[in-house]
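Each remark here refers to the structure printed beneath this line.
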Amino acid sequence: MSMKYAILGVLLEGPLHNYRIADELERQIGGGEYHTGQISTRLRELEEKGWVVPLQPKPNATREQKPYAITAEGRMAFQRWLRAPLKLSRPSRDEVIVKFVFLGRHDPSRAAPFLRRLSAQLVEQMRGLGRLPRAGSSTVDDLFLAERSATLLRMRMNAEVQWIEETLSELEKRQPAQPETEAAPTVKRLDRKV
């Protein structure tokens, strides 16, 4: 996601400070929490471009509570971005793929644990997608937008989890056969009612 344009989109509705921008991004876009440090960095960049301006903070406000407003130039930049063709990411440069390839080449014993951790992270993120915002008063219902966004994110994550499961299965098939050792005694499980 292009954080700077997401911030501009939120500021179209009126001036906000760092924490409120994070809240609005989570409410409007979803996908988990937004880190205020990253938002602060993007706000400084936007200010340098002349796309946002800081406003006078309330008395006793912290630096993070300084409100920002979008400028006319920022509005034009946002509209250009909305109309521009989508630039698809380059999947071959995806960090998961790069790490998997190099783990497989240089430390194959860590490839499967890496994929299992990634799968657990994705499942946890999908759980977080269940929190939907309350309906808003925009022209297109906020709840509808959040539901559709969460569905797309869930579908992408599910596809990645499926790829991980298939890859783990293939890795297991490629493991060299372990030499036979004396079989461990089987333990019968007794289910007792208390």
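The values are calculated or read from the model by the stated rules, or taken from the named source; none is laboratory data. Please read all numbers here as calculations on a predicted model, not as lab measurements. Cβ placement follows ideal geometry from the backbone for every residue including glycine, while neighbour counts extend to all protein chains displayed.
Residue by residue through the stretch 26-53, note down the ones that are in a helix (DSSP H, G or I) and crowded, with 21+ Cβ neighbours inside 10 Å.
If the condition is that a residue be in a helix (DSSP H, G or I) and crowded, with 21+ Cβ neighbours inside 10 Å, then Ile39, Leu43, Leu46 are the ones that fit.
Please find, within the stretch 72-95, the residue that is farthest from Val52 (Cα to Cα) out of those that are among the acidic types (Asp, Glu) and modelled with pLDDT of 80 or more.
Glu95
Residues being farther than 24 Å from Arg156 by Cα and either in contact with a Gly (Cβ under 8 Å, 6 or more places away or on another chain) or aromatic (Phe, Trp, Tyr) (or both): count how many of those fall in the stretch 1-44.
Final tally of qualifying residues: 3.
Looking only at the stretch 113-133, decide whether some residue is among the charged types (D, E, K, R), modelled with pLDDT of 90 or more and not assigned by TED's automatic domain parsing to the domain that holds Val10.
Taking every residue of the stretch 113-133 in turn, at least one turns out to be among the charged types (D, E, K, R), modelled with pLDDT of 90 or more and not assigned by TED's automatic domain parsing to the domain that holds Val10.
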